[in-house]
Amino acid sequence: MTESRVISKRAVVSWILYDLANVIFTMGVVSLKFPLFVRESVGPQRADSVYGAITAVAMGIMFLISPLLGAMTDRARRRMPFLISATVLCCGATALLTRGPFQLTAILFVLANGGYQAGVQFYDSLLPEVTTEENRGRINGLAIGLGYIGSYIAIGLGVLLGASDASFPFTKYFTIVAVLFFAIAIPCFLFVRERGNPNPRPIFTAAAISESVAQTITTLKSGHRYPGLLRFLLGRAFYTDAINTVISFMSLYTVNVAIATGLTTEQGQARANIVLGTAVTAAILGGITWGFVVDRIGPRRALRSVLFFWIATFLLAACVGAFRMPIIWLYVVACVAGFSLGGTWASDRPFMLRLTPPDRVGEFYGFYGMVGRFSAVTGPALWGLTTYIFVQRLGLPEVRGEAIAIILLLGMVCVSLWILRRVTDERRDWEALRMERSDV
């Protein structure tokens, strides 16, 4: 049935702007500059393992609390206060990065990343407030595609500051990123109107938290009552494991490939900016294109097609490092990876919504976020362990150890395809399913 409610263009644009704002953080801090700060602080041989450990801790915490946060937002009158609080935490901690010892900066990164990840979870759960079933793929795809303009901002800021100061000013960079994130997010806070929860319940009491935890456990135990849910979440854990890990280590990998071909570290960092910029351009095109594809063929078929693109991406990326191919091949990798990245988020967010009861959006997107956090723990940990064994213990060049890690991640994408083969995206009759559950 077509939804008759009217959604203002201002609300849609404001929701899309938040995606742009948080991409400035994830590209500028998580993918680009914080890994390079770690490399500069601990040395190139330890950089992968140390950054992997820090990221694993950050994501491990969010893995544990994501479902609880989601269940709590389902009890609240509105989700927006949660989004605002998470954004303030992320921006505040980001502005303080590198203003103290390395250990303190690592803790602040964990807090900043936690705020970002929680914010994404709350933001995703607002998707039904700015879309209908008929335009969900297009609007979500536009948010994904146009959101990657934030990557241009993050990369351009790094180039600008690097050109003005030979010793890169990490502190200034992180502060500007924090200010930009918050400023661009403000329209979302002001103009996205929620229908609200007609039956709000207490949130922060001990009894409410206990009830939310119990509800989460019950949902996991009775996952078979929500067709396709557990299988989708398991499959998502595998493909996001591979994708998020590659995003996190892309700049380090590019620098090491550049050095292996005879360039200096500074030249490698400059190439990393260009490679990431190429990926961003392709991601913008990918997000918009795949958004229309989702509305046309459905999120399931779109996601399967995207995962085949990722298989090609990982194969080529591994070959670049393993066989020391010219760095120009990384630009090809960046193009395919960016196009695939835009398609991943353009298809899997609507797919999850097809599997979600309308009154449990917060909780179910908590599970959606939880598997993403799990993958962000295991992926960096696997990458760090692989490079530790093959680089630090066995003495392989950094770039070849990273190529082996990429092959392992490729295997995870293949596993995800096998798991997802039986999940359908047919629209559920949630009222009938609710009645069926009540009769059991």
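The values are calculated or read from the model by the stated rules, or taken from the named source; none is laboratory data. Everything quoted here is computed from the prediction, not taken from an experiment. Ideal geometry is used to build each Cβ from the backbone, glycine not excepted, and the neighbour counts take in all protein chains shown.
Okay, here's what the table says:
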| read-out | value |
| --- | --- |
| Residue among S151, S212, S167 that is under 30 Å from T265 (Cα atoms), assigned to a helix (DSSP H, G or I) and either modelled with pLDDT under 90 or of a type in the set (S, T, N, Q) (or both) | S151 |
| Pairs with Cβ under 8 Å, 6+ apart, first in segment 53-64 and at pLDDT 75 or above, second of a type in the set (D, E, K, R) | M59/R373; G60/R373; M62/R373; F63/R373 |
| Entirely in segment 310-422, the helices (runs of 4 or more DSSP H) that have 1 or more residues that are at pLDDT below 80 | 361-387, 398-420 |
| Segment 221-238 residues that are under 16 Å from T344 (Cα atoms), paired with ones that are of a type in the set (G, A, S) and modelled with pLDDT of 75 or more (beta carbon under 6 Å, 6 or more apart) | G235/S416; F238/S416 |
| Those residues of segment 95-126 which are of a type in the set (V, I, T), in a helix (DSSP H, G or I), farther than 20 Å from P187 by Cβ and out of contact with any Leu (no Cβ under 6 Å at 6 or more places or on another chain), in sequence order | I107, V110 |
| Residue in segment 16-48 that is farthest from E266 (Cα to Cα), counting only those that are buried (at least 20 other Cβ atoms within 10 Å of the Cβ) and of a type in the set (G, A, S) | A21 |
| Residue that is farthest from V42 (Cα to Cα), among those in segment 240-296 that are among the polar types (S, T, N, Q) and outside any helix (DSSP H, G or I) | T261 |
| Pair list, Cβ under 7 Å, 6 or more apart: segment 284-313 residue within 12 Å of L142 (Cβ to Cβ) and touching a residue at least 12 places away in the same chain (Cβ under 8 Å), other residue aromatic (F, W, Y) and not in a helix (DSSP H, G or I) | I284/Y148; G287/Y148 |
| First in segment 4-21 and at pLDDT 90 or above, second anywhere and not in a helix (DSSP H, G or I), Cβ under 7 Å, 6 or more apart | A11/V192; A11/R193; S14/V192; W15/L126; W15/V192 |
